[in-house]
1. Can you tell me which of 203-209, 193-199, 234-240 comes out highest on packing, and rank the rest after it, using the mean Cβ neighbours within 10 Å?
2. By counting other Cβ atoms within 10 Å of each Cβ, how are THR172, THR141 ranked from fewest to most?
3. So, R0 is 22 Å and r is the distance between the beta-carbons of GLU290 and GLU157; what FRET efficiency does that work out to, to 0.05?
4. Scan the chain and report its longest stretch carrying no GluC sites (Glu not before Pro) that are both in a DSSP loop and have at most 11 other Cβ atoms within 10 Å.
5. For a label point 7 angstrom out from the Cα of MET1 toward its Cβ, which stretches of segment 133-148 have the backbone nitrogen within less than 18 Å?
6. Test of understanding: extend the Cα→C-beta vector of LYS11 to 7 Å, then name every residue of segment 39-71 with backbone N under 13 Å from that spot.
7. What list of ³J(HN,Hα) couplings, whole Hz, do you get for segment 143-154 from phi and the Karplus terms 6.51, -1.76, 1.60, once you set θ to phi - 60° and write x for glycine and proline?
8. Per the chain: cysteines with no other Cys C-beta under 4.7 angstrom?
Amino acid sequence: MVTPKTIGPNKTTTTSKSPADRRHDLEVMVPVKNEIRKVEAFEATPEANTVTEIITGDNSTFNFLRLARIVLEAGNSANRTLGEEEAVYYVNRGKASVSVDGETYELGKGDVVYVGINSEISISTSEFCDVSEFKAVDCHTKHPVQLVRHTDIEGTELAAHLGTRRPMSERTVFKLVDQNVKACRLLFGDTYMAQRGGVGSYPPHFHGPDGPLGLGANAKEEIYHFRCETDIEGDIPYVLQNCALPEEKVNVYAHIFDETAINVTPTYHDTIAPPSVDFMFTWCLASFTEGHRDWAEIYNKPGYENEW
């Protein structure tokens, strides 16, 4: 198991940006086709002491998934109301008190609380907290609040240690919200690499079980949110993210920088870091069909079937 660690500095911005301003499509050249492909990306650096909407239904093509950041200093709080939505609140850094319908849960780094539909939430901190809110909309079954501590799943089967066949891809995928949590659409976790210059999400795959025919009823949308750092002084860390379509034989990579969230739904998603770069990412899936939450239902790029 890879031990979770803090990657990248704390970042906030004093510049208020609308969700529309946060979307910045990346453009990459597709080999063979000789065409430009756009990758749906979002600047995810939060504002302090407020709710920062990163991915919404208006600034993205997501049908179900949403992302917000909540960074608070001591004495500040934020309130959220869920309608036909479920959410996970994940602590990137610090300590957060999350109150749901009058009951309070104390969360540390890496902890997550699942909140079901039609709930009132208040988030506060005694010192500092950086919280991500991943939501799925269009949910219709009320599930109870469920707290998952990162340390509780470390060393269990929910901490999937992968990549030992290819040491560059060695990593631990912590499945914080999986079959251990009752939910409508959401699956959620974080991934930590065993070494710098690693390859994440290997082999190339995507969560459309209809394979190269596209995204069917059992497919899932997915967000990646990256934190990156480099051991080269003055350098700007980045990773290369595959954005090839399932029917394509070539790989197509886009540069993704620290504090960037991307839509990896329609494409393969493996991630390559330069030798100097360490990275981690949170990932969140939403099933197209409510209640169909099989994390392992994926399509591997042909030729990579035995690489897990």
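1. Order by mean packing, descending: 203-209, 193-199, 234-240.
2. Fewest-to-most Cβ neighbours within 10 Å comes out as THR141, THR172.
3. Calculated value: 0.30.
4. 1-126
5. From segment 133-148, the list is 147-148.
6. Counting only backbone N, you get 42-47.
7. So the J values, rounded to whole Hz, are 10, x, 5, 9, 9, 10, 8, 4, 5, 6, 9, 5.
8. Lone cysteines by the Cβ rule: CYS129, CYS228, CYS243, CYS284.
Values in this text are rule-based calculations from the coordinates and carry no lab data. Since we're looking at a predicted model, the values are computed, not measured. Quick reminder, even Gly has a Cβ in these numbers, built from the backbone with ideal geometry, and neighbours come from all protein chains shown.
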